[in-house]
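Report on the following structure.
The values are calculated or read from the model by the stated rules, or taken from the named source; none is laboratory data. Small disclaimer: the values here were computed from a predicted structure and weren't measured. Every residue, glycine as well, gets a Cβ built from its backbone with ideal geometry; the counts of neighbours run over all protein chains shown.
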């Protein structure tokens with residue numbers, strides 16, 4: 001039986017007349033990397049802060065690691081790690097001092113020296129927080145989020161400010177956390193990051209969850225695949241093939257747009273008709289294209305997410 005680490009049902013949060021979360025619902029399973037995707041201001045960070053007990057929702061229910069963040073926030077925060085979108089440390093604190101201090105708050109956590117080495121901060125051991133580059137500061141915040149060996153860790157825009165090499169190192173370390181049994185909730189704007197790391201994602205639109213599935217499932221469900229080939233005979237029959245939404249023929253060049261396993265369906269139909277084009281190919285949609293389609297369809301016209 002799958003164990004749920006997070007359960008959210010109908011979460012609502014407003015700041016005066018501004019709605020931040022409007023009936024957010026989703027579940028996170030133990031040991032998975034779960035992504036939260038959405039435009040700025042769509043409610044991702046507010047939802048994460050409610051789940052950590054940092055903000056109190058107006059209504060709805062939620063449990064995290066079997067605890068209610070509204071009533072058991074202190075107990076919950078001993079079991080989780082978090083790298084927030086807005087974080088700060090004293091300017092003169094040194095890297096090793098920050099890690100040693102956070103480690104001391106959780107005696108059962110990881111040796112801070114090992115965490116410092118894993119996150120590429122050993123050569124900045126004696127550097128002050130103020131002297132670190134933006135990417136190095138971000139790396140330190142992530143290291144602080146995992147030094148207590150949390151059962152669940154929240155990363156909010158974890159790789160913002162990191163160079164490409166550091167981003168891939170961060171991805172490897174996050175995947176290592178998952179392999180060790182830690183559940184990860186990842187808030188990100190980077191679609192390649194979500195597609196690489198996440199077992200499932202929730203796409204936020206208009207302050208609520210519009211879709212939840214694995215990146216591959218979302219692409220299959222909402223994406224549009226383009227199949228292109230050179231026809232060797234009549235192709236009108238392809239318009240009736242399952243998954244085909246449009247058929248465009250210019251001369252002998254055929255372009256088909258469709259969903260699901262449209263490439264396999266078209267290929268099978270062509271072979272059945274006695275045609276086997278050697279240049280048959282398909283351009284598979286990306287998670288970014290699917291994200292834009294879902295959010296465009298979900299958001300009311302003229303209203304920012």
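Structure values in brief
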item	result
Members of segment 242-264 found to be more than 17 Å from residue 285 (Cα to Cα) and either under 32 Å from the mean Cα position of the chain (by Cα) or surrounded by 17 or more Cβ atoms within 10 Å (Cβ to Cβ) (or both), listed by number	242, 247, 254
Subset of segment 102-111 [over 30 Å from the mean Cα position of the chain (by Cα) and in a helix (DSSP H, G or I)]	104
Which listed residue is without any contact (Cβ under 8 Å) to a residue 60 or more places away in the chain and surrounded by 19 or more Cβ atoms within 10 Å (Cβ to Cβ), from 229, 222, 204	229
Residue that is surrounded by fewer than 16 Cβ atoms within 10 Å (Cβ to Cβ), modelled with pLDDT under 90 and under 14 Å from residue 141 (Cα atoms), where the choices are 100, 88	88
Considering residues of segment 169-184 that are outside any helix (DSSP H, G or I) and in contact with a strand residue (DSSP E or B) (Cβ under 8 Å, 6 or more places away or on another chain) only, the residue surrounded by the most Cβ atoms within 10 Å (Cβ to Cβ)	184
Within segment 185-294, strands (runs of 3 or more DSSP E) holding 1 or more residues that are modelled with pLDDT under 95 and over 30 Å from residue 81 (Cβ atoms)	225-230, 244-250, 253-258, 281-283
Residue within segment 112-119 that is within 23 Å of residue 54 (Cα to Cα) and not in a loop (DSSP other than H, G, I, E, B) present	no
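This table checks each residue for (1) surrounded by fewer than 21 Cβ atoms within 10 Å (Cβ to Cβ); (2) outside the structural domain of residue 178 (by TED's automatic domain parsing); (3) touching a residue at least 60 places away in the same chain (Cβ under 8 Å).
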site: 116; (1), (2), (3): no, no, no
site: 126; (1), (2), (3): yes, no, no
site: 148; (1), (2), (3): no, no, yes
site: 154; (1), (2), (3): no, no, yes
